[in-house]
Amino acid sequence: MTGRRVIMDFEVTPTSHTLAEYRARGGYQTLEKALKLQPADITKEVTDSGLLGHGGAAFPVGRKWGVMKPIPGEIHYLCANADEGEPGTFKDRWILENAPHLLVESMLITSYALGVRHAFVYIRGEFDLPFRRIQGAIDEAYEAGLLGKPVLGSDFLLDIVVYRGAGSYVCGEASGLITSIEGRKPYPRNRPPRLTVRGLYQKPTVINNVESLANITGIIRMGAAEFRKIGTARSPGTQLISISGHIAKPGVYEVEYGYPWAKFLDEDCGGMLHGAKLKCVVPGGISTKVLTRAEIEPLTLCHESVNPAGSGIGSGGMIAIAEGTCMVRLLQVLLRFYHHESCGQCTPCREGMGWMHRIIDRIVDGKGVPEDIDRLYAISHANDGTTICGMGDAAGYATVGILNKYRDEFEHFIKTGRSKCDGRLECLA
Amino acid sequence: MPRLTIDGREIEARKGQTVMEAARDNGIFIPYFCWHPQLSVPGNCRICVVGVAEKDGGEWVEIACNMPVSEGMVVFTNSEKVKARRKATMQFITLNHPVDCGICDKAGECTLQDYHYEYNGERSVSIDAKQHATKHHDLSARIVLDNERCIQCTRCVRFTREISKSCGLGMQNRADHSLVRAVEDGSFEKDAYSDNVIDICPVGALLSRDFLHRARVWYLKPTPSVCPGCSRGCTVNLWHRRPEWRLRSPGMQAQNQGIDRVTPLENPAVNGPWICNKGRDLAKLLGRARAEVAMLKGRTAELQGAVAQARALIAGAKKPVAAVSSWASNEELAAFKAALGARFTAFVKADHAPEPGEVVEDDLLIRADKNPNTAGARALFGDAPPDIPKDADVVLVWGEGLDFGVIPAAAKIVYLNAWLQPENGHADVFIPLSVQTERDGTYTNFAGVTSAFSKCFPKAKGVADAEALFPLLAHGGRE
């Protein structure tokens, strides 16, 4: 076991996602409790719980809510960001497939707290089963009178619309997401104004990751003080980690913050595939910097432990990479992705991603020149903090993370035209 | 009123302004590609970065176009950090730019060229081949797009959404495959203001088909003028060959005397920075076949003879009537009023009416009255209806647009016009006039704003200037 659980606290069966079984587990009782509280008290409870956003940036949820002062009569929106596009991340998918009612209940509580009348679930286009499950759960909730009409005798009512994206990475960026809901090309927007001031349809909007929202029910159920007992002081609660790569038991795990990282990989995930040696780990989606086996040895899975090591928990999309993997080709795959997904709005990312992709392609073709490594550094640096959204920075972090630790592999590839790791990855046995 | 410091100069900004606006208002230059004073702020070119001093002594670099001013802010437009950022951005922007300035119509007035010398000035650091894109794409019948030169600032896209409201352009694809394309419903083709995107394009991506490879801009000279296309009276620049660069080869003489292109002359009181497509086509309107020979009942005559004949007719008339041109300048109208106003019963006629297919009127600039100086003419001659009494014995018709059928058969016709038209031969006396590009003058638009136009070309031989002609018609120039 990986510590206490908040979200994955039930047994998954073919029917565990239904309203009946959710109610049998005590579902929608927290909503009743929440409706007896004042909206401001719920916001305070969430702020006190210290819940950090689970979308990747770890921004305190309470502080984001606090910016949006509910004004009576004014329109506010809530969006659940289910556009889970970060490569290696598939934790929200688990919630949407197996606990959709947990999300619906959390969105009801959140909307009550923030004075929201219309909420959206923005789900990525490639998600099929998750879409059917969340749409099914919302349909069930409408039938049960939880949505669309005043809830449980109060005067609060909410409509939830599921909006399917077309599968663009940048739609997962909050402002790109709302632009997409508005029906336009999902170009991220400049800040200021913040989205909590002027967001969807120019109205104050809170956008939270699915997992962040799913935690709200637990926080209100057990209370902030109780919630803080889970996890560590600065990272309260749990993190859903979706692990993939050369690992024996890939999948989604709920890990209590502060759980030892090495133990998680070696015991809970069953170690590396076919006994291969671990080369490095991508901690939380490919936009975080890779960490080597030696670096993760003393670390625990929480923000205060991982951040000083120069990386981050990010979105919890962990990828285990076995010894023998060619890091040059790995970076090629990443840069191809970033090039393909750059929205093309602002200059550094639009031109930089393609440039980096062409450089790495050339290196893999055996036509690299020694200056290429410095050029990759320079492009990454020129993308750091200069773009409208965080995508340029993310690509830069990933590139610099790999270059810093595996520069020798790049130099070898440029010098010899061959990979240092050719043909030695044999973990498929 | 927040006070802030830009480059050591303390300035006062208006609340809600951005750093870019505050700097411009105070004459401090910050470079920009995508920003435009009349359009929304997309913040996508990233060239307008400025540094802002932080409390701990550091410097925070952000784009000026989207940065609200705040009290006590200290901004640097030229610090080392800002210069490095700008240089990196210029390297990105020119990464896939073909640098084909030698064959680019924009060369010489291109923002990218200027900024390259100012903020980068180095060869490309990339050794990879440049990305190719469509080199010649017909965006509409009027506009050619070179996607390789495009820097995706989206000014043109925003123009069609925010100013002309045709929503005719959009961005296709992602990343460095992004392309500006017209939407499929043809709304850009119908956009009556589409050519403005050529002016606001900071590079040579959007090109006028009319002006394509016609002239290098440094061989041309802009002369301020007023568009006679409608009663808005937009101020324009007429670009024509500089005399010192005139073409000498045979067959090219017409181009020395022609308008090569028309661009808006920014004028907040009338048209802002825009003009409509009809204004762009002034060369066609003003370049129609000219009448350059005087005629008496269809037979060519000397100008002096025709003037004498007209004077005799007017002197002997019992009931002379004049149809005054609404294309005449205020000066010409005043000359007519002074010389012949007492003698004639005058009314103002419309020289031009909306043509089939033309946008008659809209909310932005285009007015239904297709004459530039109706307001000026009516101020002098009143707004009596264009009605010729049955007993008129001499009718002076000034300018086009009057059907001779409405003139009593017994009346003698004195016709003053600049263009070659069938009516010229039907008049008893025909005197050719100069056109707008051959003289100075002013027009008064529908709102009462008077704008001046200047002479571009010498007057054609054999034509009269209306301003000098009227005193001759009145009393032969003898006082």
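Each value in this text was obtained by applying a stated rule to the coordinates, not by laboratory testing. Remember, predicted model here, so these are calculated numbers, not experimental data. Because the Cβ atoms are built from the backbone with ideal geometry, glycine has one as well, and the counts that use them run over all protein chains shown.
Per-structure values
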quantity: Helical segments meeting 24 Å axial Cα length and Kyte-Doolittle -1.0 threshold in chain A (DSSP H); calculated: A:347-364, A:391-416
quantity: Reachable aspartates and glutamates from A:LYS263, criterion Cα separation under 16 angstrom, eight or more residues apart if same chain; calculated: A:GLU254, A:GLU295, A:GLU297
quantity: Restraint check, A:LYS44/A:LYS149; A:LYS91/A:LYS289; B:LYS190/B:LYS455, Cα-Cα greater than 29 Å; calculated: B:LYS190/B:LYS455
quantity: Residue (of A:THR238, A:CYS79, A:TYR187) at the positive-pole extreme of chain A, dipole from beta-carbon charges; calculated: A:TYR187
quantity: Hits among lysines - C-alpha to C-alpha of B:LYS81 under 23 Å, sequence gap 8 or more where chains match; calculated: B:LYS55
quantity: Beta bridges per DSSP with both ends in chain B, % antiparallel, nearest 5; calculated: 70 percent
quantity: Euclidean distance of C-alpha centroids, region B:329-344 and region B:350-394, integer Å; calculated: 18 Å
quantity: Most mobile listed residue (A:TYR338, A:TYR406, A:TYR122) in chain A, GNM with C-alpha springs under 10 Å; calculated: A:TYR406
quantity: With Cα atoms, 0 to 90° folded angle of helix B:303-316 axis to chain B main axis; calculated: 60 degrees
quantity: Shape call, region A:19-228: gyration tensor on alpha carbons, a/c limit 1.5; calculated: rounded
quantity: Electrostatic dipole magnitude of chain B [Cβ: Lys, Arg +1; Asp, Glu -1; Cα centre; debye, to 20]; calculated: 900 debye
quantity: Listed residues B:VAL429, B:ALA379, B:GLY305: farthest to the positive end of the dipole of region B:294-475 (Cβ charges); calculated: B:GLY305
quantity: For chain A, calculated [θ]222 nm from helices alone, where every DSSP H run of n ≥ 4 adds -39500 (n - 2.57); calculated: -12000 deg cm²/dmol
quantity: Nearby lysines by direct alpha-carbon distance to B:LYS318 (threshold 23 angstrom, same-chain neighbours under 8 apart not counted); calculated: B:LYS297, B:LYS337, B:LYS349, B:LYS390, B:LYS412
quantity: Region B:351-478 - convex hull of alpha carbons, volume per residue in Å³; calculated: 162 Å³
quantity: For region A:122-153 versus region A:298-325, the gap between their alpha-carbon centres in whole angstrom; calculated: 34 Å
quantity: Principal semi-axes in Å for chain B [√(5λ), Cα gyration tensor, largest first]; calculated: 53, 24, 20
quantity: For chain A, built as a Gaussian network whose Cα springs stay under 10 Å, the top-fluctuating residue of A:ALA57, A:ALA99, A:ALA137; calculated: A:ALA57
quantity: Dipole magnitude of region B:85-238, debye to nearest 20 (Cβ charges: Lys/Arg +1, Asp/Glu -1, about Cα centre); calculated: 260 debye
quantity: Cut-off under 5 Å, modelled amide H: who pairs with B:LEU396 long-range; calculated: B:VAL321, B:ALA322, B:ALA323, B:VAL414
quantity: Cβ-placed point charges (K, R +1; D, E -1), dipole of chain A about Cα centre in debye, nearest 20; calculated: 660 debye
quantity: Euclidean distance of C-alpha centroids, region A:48-92 and region A:386-404, integer Å; calculated: 23 Å
quantity: More than 48 angstrom apart: percent of Cα pairs within the protein assembly as shown; calculated: 41 percent
quantity: Highest average packing first - A:385-391, B:296-302, A:43-49, B:168-174, Cβ atoms within 10 Å; calculated: A:385-391, A:43-49, B:168-174, B:296-302
quantity: Where N is the number of residues in region A:295-429, Cα Rg divided by 2.2 N^0.38 Å; calculated: 1.10
quantity: Region A:153-255: proportion of alpha-carbon pairs further apart than 25 angstrom, %; calculated: 45 percent
quantity: Convex hull of Cα atoms in region B:384-459, direction-averaged projection (nm²); calculated: 6.5 nm²
quantity: Region A:34-156 shape via C-alpha gyration tensor axes, a/c threshold 1.5; calculated: oblate
quantity: Three-way shape call for region B:28-93 based on the alpha-carbon gyration tensor, with the a/c threshold at 1.5; calculated: oblate
quantity: Positive-end residue, region B:101-208 charge dipole about Cα centroid, Cβ charges, pick of B:SER124, B:SER187, B:SER140; calculated: B:SER187
quantity: DSSP-defined antiparallel bridges as percent of all bridges, the protein assembly as shown, nearest 5; calculated: 60 percent
